[in-house]
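Here is the structure we will look at, set down as structure tokens.
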């Protein structure tokens, strides 16, 4: 349970950094783009979206911790299903529709 709570704190910390429009160097794929390609993206909007996703994922991890603390297995499965759904949504949303292009 301590490891899960450390993960929650880490994700909330990252969410705060991203929500402020900072930390784009932590986004995989974006940080490897050449500078001329990075200029084509709205970095602040991308970071804010990633911040929202970090908060959502940390909520799922809180469900895991509560499940472990109170020995309620179905709560873990709900958190896991939400976690997977959020990751799939995030991957599809970011990679389709040129949403974060300038």
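When you check residue 98 against the structure, is it touching a helix residue (DSSP H, G or I) at 6+ places or on another chain (Cβ under 7 Å) and in a loop (DSSP other than H, G, I, E, B), yes or no? It is false that residue 98 is touching a helix residue (DSSP H, G or I) at 6+ places or on another chain (Cβ under 7 Å) and in a loop (DSSP other than H, G, I, E, B). Against the criterion of being exposed (fewer than 14 other Cβ atoms within 10 Å of the Cβ), in a helix (DSSP H, G or I) and either at negative phi or out of contact with any helix residue (DSSP H, G or I) (no Cβ under 7 Å at 6 or more places or on another chain) (or both), residue 45 does not qualify.
Do we have any residue at all in the stretch 80-91 that's surrounded by fewer than 16 Cβ atoms within 10 Å (Cβ to Cβ), part of a helix (DSSP H, G or I) and modelled with pLDDT under 95? Yes, the stretch 80-91 contains at least one residue that is surrounded by fewer than 16 Cβ atoms within 10 Å (Cβ to Cβ), part of a helix (DSSP H, G or I) and modelled with pLDDT under 95. Exactly one condition in (1) surrounded by 14 or more Cβ atoms within 10 Å (Cβ to Cβ); (2) closer than 18 Å to residue 89 by Cα is not met by residue 28; state its number. Here residue 28 meets the rest and fails (1). Selection of the stretch 1-38 for residues being out of contact with any helix residue (DSSP H, G or I) (no Cβ under 6 Å at 6 or more places or on another chain) and touching a residue at least 24 places away in the same chain (Cβ under 8 Å) yields 16, 17, 20, 22. Picking from residues in the stretch 1-12 that are part of a helix (DSSP H, G or I) and exposed (fewer than 13 other Cβ atoms within 10 Å of the Cβ), the one that is farthest from the chain's Cα centre (by Cα) is 2. Residues of the stretch 27-61 that are at pLDDT 95 or above and within 27 Å of residue 2 (Cβ to Cβ): 50, 51, 52, 53, 54, 55, 56, 57, 58, 59, 60, 61.
The values are calculated or read from the model by the stated rules, or taken from the named source; none is laboratory data. Computed from a predicted model, the values in this text were never measured in an experiment. Backbone-built Cβ (ideal geometry, glycine too); neighbour counts: all protein chains shown.
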